[in-house]
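Note sheet for the following structure.
Values quoted throughout were computed directly from the atomic coordinates according to the rules given, and no laboratory measurement underlies them. This one's a predicted model, so the numbers in the text were calculated from it and none came from an experiment. As a convention, Cβ positions derive from the backbone with ideal geometry for all residues, glycine included, and neighbour counts pool all protein chains shown.
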Amino acid sequence: MSISRLSDLADPAQCPLLVLKVGSALLVGREGVRRAWIEALVAEIAEARGRGQQVIVVSSGAIALGAATLGLDKGGRGSLADAQAAAAVGQIALSGLWAQLLAGHGLTAAQMLLTLEDLEDRRRYLNVTATLGRLLDAGAVPVINENDSVATQEIRFGDNDRLAARVAQAAQASAVLLLSDIDGLYDRHPREPGARMIPVVEGVTAEVQAMASTESGSGMGSGGMVSKLQAAEIAELAGICLVIGNGQHDRPVARIVSEGIGTLFLPRRKAGARGNARKAWLGGRLRTKGTVVVDAGAAAALRRGSSLLAKGVTAIGGAFLRGDPVSVLDADGRTVAHGLSEYDSAECDAIRGRHSSEQAEVLGYAPRSAVIHRDQLVLK
């Protein structure tokens, strides 16, 4: 069974585990915390639990809350130091609010603060998976946010849309629901005449990406439609549906589900297929250690399911070791795939463009079957 329409989000058989992402502007208004709205949303979470669904919440709002408390301008985003300080203050209030309101429905909240490295490193990613699984088994509602008080610009997700998709991967969720300030994805900027909302997207193509806007209407959030499409790409690689819906209404989940208002992104592959867990993690990575540029023939062969051979490699970028994740680029600089390299960067550079018969002399040992084996490679 698989999700094919928005109403399936409320079906425990189709959607046993839902990741619900809530943006800053929905939680915090000009007058402070939007408590009545949050209470209604928590009631919806309790209803989902009551019908047999598990829910993970990815909650923004710590920086906005902390900035209001500390009196910082620009919503606490004037500098990295301001954001870190605001997050340290705001996270306490945010976690306490979720814990209090969930407890009112007999539910236990569990706080998890994650950085990019927690989900980019394979061992730490598996630790996150294990922790989420145990919390859900114990009946808790994990409430997750980026650890903004310690994350730097270099190790940040930068928005909770992509964090929600990566958390969904780690938890093997059925779907991700991004509550935003817009009904869904439009074929152009929604303020333009004739703009039309797209109800279903099957694969985030270049045409779909061209519809996106980077604007965040509230000024509080850090994402826009671009980040939501990036989240959809991460989710679809893992066989997970993603929905963009409007959170500005009372009981927003019920509106999205019962009235069918939102954009449903369908995955490109089924969840749970052999080898998908590792490939989903690899394909969803936001950072790689280096680049491997390939010619047109090699790029075409990769798309047909082949491994990457040294003969098709034209250039190497960055310093990486054997087993490190690398991006495979075509001649125009477009990302073709992500993969785990069978060689370090110096070895790759030494054998690039060479037939396998020449590689032993260069390397001093028998070459491996490929620069990146197809089992360690995922197309983008």
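The label point for Glu31 and the one for Thr335, both projected 7 Å from the Cα toward the Cβ, are 4.3 nm apart. Between the C-alpha center of the range 328-380 and that of the range 63-134 there is a gap of 40 Å.
Taking amide hydrogens as placed 1.01 Å from N in the peptide plane, the amide H of Ala315 sits under 5 Å from those of Val293, each at least 5 positions away in sequence or on another chain. For the range 6-279, the fraction of C-alpha pairs farther apart than 24 angstrom is 45 percent. The relative contact order of the chain, computed from alpha carbon pairs under 8 Å that lie at least 6 residues apart in sequence, is 14 percent. Here the extension length gained between Glu361 and Thr108 equals 84.9 nm, from 0.36 nm per residue of separation less the Cα-Cα distance. So the label point goes 7 Å from the Cα of Thr69 along Cα→C-beta, right? Which residues of the range 89-114 then have their backbone N under 17 Å from it? Under 17 Å, as judged by backbone N against the label point of Thr69, lie 89-101, 111-113 of the range 89-114. Annotation: peptides 115-122, 355-362, ranked by per-residue average of other Cβ atoms within 10 Å with the highest first, follow the order 115-122, 355-362. Ordering Gly90, Ala43, His249 by the projection of their Cα atoms onto the charge dipole of the chain, which places +1 on the Cβ of Lys and Arg and -1 on the Cβ of Asp and Glu, puts Ala43 at the extreme positive end. For a straight C-alpha distance cut-off of 26 angstrom, the lysines reachable from Lys21 (same-chain residues fewer than eight places away being disregarded) are Lys74, Lys228, Lys270, Lys279, Lys380.
Placing unit charges on each Cβ (+1 for Lys and Arg, -1 for Asp and Glu) gives the chain a dipole about its Cα centre, and among Leu17, Leu107, Ser227 the Cα reaching farthest toward its positive end belongs to Leu17. Beta-bridge orientation, the chain: approximately 35 percent antiparallel, per DSSP, counting only bridges with both partners inside.
Scanning the chain for DSSP H helices at least 30 Å long along the axis (C-alpha atoms) with a Kyte-Doolittle mean no lower than -1.0 picks out 80-103.
Projecting label points 7 angstrom from Cα along Cα→Cβ for Thr314 and Ile92 puts them 5.7 nm apart. Counting only DSSP beta bridges with both residues in the range 288-379, the antiparallel share comes to about 75 percent.
If the segment from Ala300 to Thr205 were pulled out straight at 0.36 nm per residue, it would be longer than the present Cα-Cα gap by 32.5 nm.
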